[in-house]
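Values in this text are rule-based calculations from the coordinates and carry no lab data. Remember, predicted model here, so these are calculated numbers, not experimental data. Please note: Cβ atoms are built from the backbone with ideal geometry, for glycine as well, and neighbour counts cover all protein chains shown.
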Amino acid sequence: MKSRDPKVISKSGSSPKLILEELPKQLADSEVLNYLQQKEIGWKHVNAIKQLTDYSDEVISEWLNISVKTLRTYKQPAVTFKGKVKENILLILSMVMHGIEVFGTKEKFEQWLNTENFFFDKKSPVSFLNTVTGIRFVNDRLTAIEYGDNA
């Protein structure tokens, strides 16, 4: 996989850029587990997803299988994410970055993510992001596109 170009996905301020540079380059179990053990997943990671996409708290909370109220509670510094939610945040963020790399812009990636697709049983890929298996499946399709398979 190509190395990530932070200039393509960085936003104003150094915090999101640093988070993005530290993320696992692939969704390999060993990289994800290592990151989860060594780094704290917090609101800054959710905020990075929000900055990289145009998805609302409502949509992101659906992906994480938590209520919008619970998601917004995590903005408080004393509140920490549970293990399952941390993993989903990390996988989604890494997958979003991969998608932006593959399509070149967040707009083109989001268009693909929201469009019905043959490979997703004529559903949009975004509808699969509420499970770890779904996130990995979407990421696998991105890898296939990256190496020349049809979208």
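Of the residues Ser127, Ser94, Ser30, the one with the fewest other Cβ atoms within 10 Å heads the list, and the complete ranking is Ser30, Ser127, Ser94.
Distance between the modelled labels on Lys44 and Asp140, one decimal in nanometres: 3.3 nm (7 Å Cα→Cβ projection). If you plug the beta carbon distance of Asp121 and Asn65 into 1/(1 + (r/R0)^6) with R0 = 35 Å, you get a FRET efficiency near 0.95.
Full extension of the chain segment joining Thr131 with Leu36 gains 32.5 nm, where the gain is 0.36 nm per residue of separation less the Cα-Cα distance.
What does the charge count near Ser56 come to, summing +1 for each Lys or Arg and -1 for each Asp or Glu among other residues with Cβ under 13 Å from its Cβ? With Lys, Arg at +1 and Asp, Glu at -1, the neighbours total -3.
Close amide H contacts of Asn117 (hydrogens built in the peptide plane, cut-off under 5 Å, sequence separation of 5 or more or a different chain): Lys122, Lys123, Ser124. A simple rule links phi to the HN-Hα coupling: the Karplus curve 6.51 cos²θ - 1.76 cosθ + 1.60 with θ = phi - 60°, which for the range 67-73 gives 6, 4, 4, 5, 4, 5, 5 Hz, with x for Gly and Pro.
Counting other Cβ atoms within 10 Å as a rough exposure proxy, the listed residues Glu87, Glu40 run Glu40, Glu87 from fewest neighbours to most. When each of Lys44, Lys106 is scored by the number of other beta-carbon atoms lying within 10 Å, the sequence from fewest to most is Lys44, Lys106.
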